[in-house]
Every structure is written in C-alpha cells, then in structure tokens.
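See structure below.
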Amino acid sequence: MKKALITGITGQDGSYLAEFLLSKDYEVYGMRRRTSTPNFENVSHIQNEIHWLSGDMTDLASLIEAVRQSDPDEVYNLAAQSFVAASWPQPLATGQITALSVTNMLEAVRIAKPEARFYQASSSEMFGKVLETPQTETTPFYPRSPYGVAKVYGHWITVNYRESFDMFACSGILFNHESPRRGLEFVTRKVSDAVARIKLGLQQELRMGNLDSLRDWGFAGDYVKAMWLMLQQDRPDDYVISTGEMHSVRELLQIAFSHVGLNYEDYVVIDPQFVRPAEVDLLLGDCAKAKEKLGWRLEVGFEQLVRMMVDADLERVKRQAAVETSVVV
C-alpha cells in the first residue's frame, strides 16, 4: 500500500485528490493547521479514512515532523493562499504562504524522505500578461498579481530542487479548475451560488467585475488525476493541464442563468470594486504534452461543469433554507 501526504487537503483540489488516492488503495495523510474551528466540509464523507497531521507551512520543523510521521511515497503540495484578489491587500502573507512555504516543504522532504516523489501546484496565473497563445510549458511567465509572482517562485524553486538534489519533483501548471467544492469567493462559485439564491428568491442581483475576461476552465476532479499521473512517470517533469478552450465570464453567466430559466442581463450589475488592479485578459493552455506523455484526458466539459455547480448550489441553498425555517418555527 502506497502512502501519500497531502497539504491543503481540505480545499477543493485536496479533497478530490484524497478521494482519488483512496480509490486506488493509498494510505492518505492529510496535513492541516491547528485552528479552533477546523473546516472539514469538503472531506467530511472521507474524514475517517484520512490520517490527520498538524503542521504549518511557515514552520519547517512541523513539516519535517509531518513527513517523518507519514513516511510518504508521494507528497502533494497543494497548500497556498489561493485567492488571486486577496493577494493585493495581503502581498506579504501571500509570499510567505504561497511562495516560501514551497521551499519549506521541499526542504522537509529532502531532509526526512528524499526519495519521496513531490508534486507542486503551479498555476496558469504565472503566465499573466501572456506572451504567446496558447500557453505551453515553455511559454515565458509574466505574472500580474502578487499571487502569480508567488506561484512563479514556487515553480522555479521546485525545478531548482529537482536539478540541485536529484529529487523527483514535478510542477503541474494547472489552468482554472472548478467544482461545487470551490470557495464562494471564486468567480465560478460566486456565480453558481448567486444563481441558486436568485432563482429561490433569496437574492436580487449579482455584482461582477470584468465580464470579458477569458479563461480556460475545467473540472477539478479531472485535474487531480493529472497530478497523480505525473508522479507515476519514469522521470520528473512539468506539465500544463488545461482544456484548450477559452470561455468568457459573460458565457459563464449565460450558461448558469439560462440553466434555471433566467436571463443574466436582468440581474448582473457591474461593480468597479471587482475589477483587478492589473487584469489578466486571457488564459488558454495547450496540454498536448500531458495528453501524449501522461495519457491524460478530460471527462467533464465546460457547460456540464457550470450546470453541475448550479445544481449543487440549488440543492445546498434549499437545504439551508429548510434548516433555517425549521429553526425559526
């Protein structure tokens, strides 16, 4: 039985990855920060199948101890301050958690289990003001946010440890990937949640920023399989994971609202506070390398993804409303 250590396991990607690895009979260790109110919502259905460890991505000693306790064959480093918009008001925290913590994790693996295979969650936000379209593994980076800058550091320090210490370390340059488990602050989930609330009469409008931004959106459940495939290869390498299709925020709104029989133009209000200080206009990935070398394939398309998220939020909001009503009664 293989053993895997996942940082950021309670997030969207961590939860899908944990499910996937458990289905392959892995012994899964999940590292989380100690908090007074831990959030296990995304992993509640598998919580008892995971071995839980405490650790802090800014504290090397705790990471070394987590690696020693788990003795992993594979390490998936998914922990980060992952909300791009929050990286402008919190640039130092983003640098500590999203950039320098990667070095901490690599050091912990190098010291405690150097033969373990390491996966780093890189991001399409590293491309930022894109210098070519579509973007591949060799496209130069031009990040447009503190988050993107931090991810560039994490990416290159992973390459450096691979080349300096002969570690099996890979980076997955993942383009936007979404699901019903996405945080409510992210635009796709913000839209699906609002559509559900508007349909049920609990919300009157949805305030948005730039509707013309173009993104390459896929399903997180598909993308975690690519992470695993990277660590099953004979040699470590970096891979773009994407759909190869671009869709605008406007298209996202059209599909989401029409799915419940509404017109987005009747409810969406443009609000300047949601426009980024430095915008990333378009992102489009070329995942030919992943398809050829990893044999990776997409299973969920964009429209199916959006409808899945709206349906999930409709059910969730209905349940919440029913509970609130029963409490009032």
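Just so it is clear, none of the values below were taken in a lab; they were calculated from the coordinates. The structure displayed is predicted, hence computed values, not measured ones. In this analysis, Cβ positions are derived from the backbone assuming ideal geometry, glycine residues included, and neighbour counts consider all displayed protein chains.
A few points about this structure:
- Three-way shape call for segment 272-326 based on the alpha-carbon gyration tensor, with the a/c threshold at 1.5: oblate
- With contacts taken as Cα pairs under 8 Å and at least 6 residues apart, segment 207-282 reaches a relative contact order of 54 percent.
- SER123 long-range amide H proximity, modeled H, under 5 Å: LEU174
- In the chain, taking the dipole from charged Cβ atoms about the Cα centre, the farthest positive-side position among ASN42, GLN232, PRO114 is held by ASN42.
- Relative contact order computed over segment 35-102 (Cα-Cα under 8 Å; 6+ residues apart), in percent: 26
- Beta bridges from DSSP with both residues in the chain: antiparallel share about 5 percent, rounded to the nearest 5.
- Relative contact order for segment 180-329: 37 percent, from Cα pairs under 8 Å spaced at least 6 residues apart, divided by residue count.
- Residue with peak Gaussian network fluctuation, the chain [Cα springs, cutoff 10 Å], from LEU211, LEU284, LEU63: LEU211
- The structure shown yields semi-axes √(5λ) of the Cα gyration tensor in Å, and of the options (1) 35, 20, 18; (2) 32, 24, 18; (3) 39, 22, 18 that calculated value carries the label (2).
- Student exercise, the chain dipole from Lys, Arg, Asp, Glu Cβ charges, in Debye to nearest 20: 420
- Burial ordering of TYR153, TYR264, TYR239, fewest other beta-carbon atoms within 10 Å first: TYR153, TYR264, TYR239
- Inter-part distance, segment 269-329 to segment 197-248, computed on C-alpha centroids, equals 7 Å.
- Ranking of ASP311, ASP234 by neighbouring Cβ atoms within 10 Å, starting from the fewest: ASP234, ASP311.
- Inter-part distance where segment 81-101 and segment 151-167 are each reduced to a Cα centre, Å: 19
- Seen through its C-alpha gyration tensor, with square-root eigenvalues sorted a ≥ b ≥ c, segment 1-82 comes out oblate because a/c lies at 1.5 or above while a/b is not bigger than b/c.
- For segment 70-139, a/c is not less than 1.5, where a ≥ b ≥ c are the root eigenvalues of the C-alpha gyration tensor, and a/b does not top b/c. That puts it in the oblate class.
- Phi to ³J(HN,Hα) by Karplus 6.51 cos²θ - 1.76 cosθ + 1.60 over segment 241-248, Hz, x for Gly, Pro: 10, 7, 9, x, 10, 10, 9, 7
- Applied to segment 87-99, the Karplus parametrisation 6.51 cos²θ - 1.76 cosθ + 1.60 on θ = phi - 60° returns per-residue 3J(HN,Hα) values of 6, 6, x, 10, x, 6, 4, 4, x, 5, 7, 8, 9 Hz, with x for Gly and Pro.
- Distant-in-sequence amide H partners of PHE118 (H built 1.01 Å from N, under 5 Å): VAL75, PHE168, ALA169, CYS170
- The amide H of GLY218, built 1.01 Å from its N in the peptide plane, has HIS177, GLU178 as neighbours under 5 Å, considering only residues 5 or more places off or on other chains.
- Note on ILE64, ILE46, ILE173, ILE270: ascending count of other Cβ atoms within 10 Å places them as ILE270, ILE46, ILE64, ILE173, the fewest first.
- Among PRO236, PRO277, PRO180, the residue with the largest mean-square fluctuation in a Gaussian network model of the chain, with springs joining Cα atoms closer than 10 Å, is PRO277.
- When +1 charges are put on Lys and Arg Cβ atoms and -1 charges on Asp and Glu Cβ atoms, the dipole computed for segment 158-269 relative to its Cα centre reaches about 440 debye.
- Table column - 3J(HN,Hα) (Hz), segment 146-156, Karplus curve with 6.51, -1.76, 1.60, x for Gly and Pro: x, 4, x, 4, 5, 5, 4, 4, x, 5, 6
- Along the axis of the charge dipole computed for the chain (Cβ charges of +1 for Lys and Arg, -1 for Asp and Glu, origin at the Cα centre), the listed residues THR243, SER145, ALA99 are led at the positive end by ALA99.
- When the chain is treated as a GNM with alpha-carbon contacts under 10 Å, the residue of ALA288, ALA194, ALA61 showing the greatest mean-square fluctuation is ALA61.
- For the pair ASN39 and GLN96 in one chain, pulling the backbone fully straight at 0.36 nm per residue adds 18.3 nm over the alpha carbon distance.
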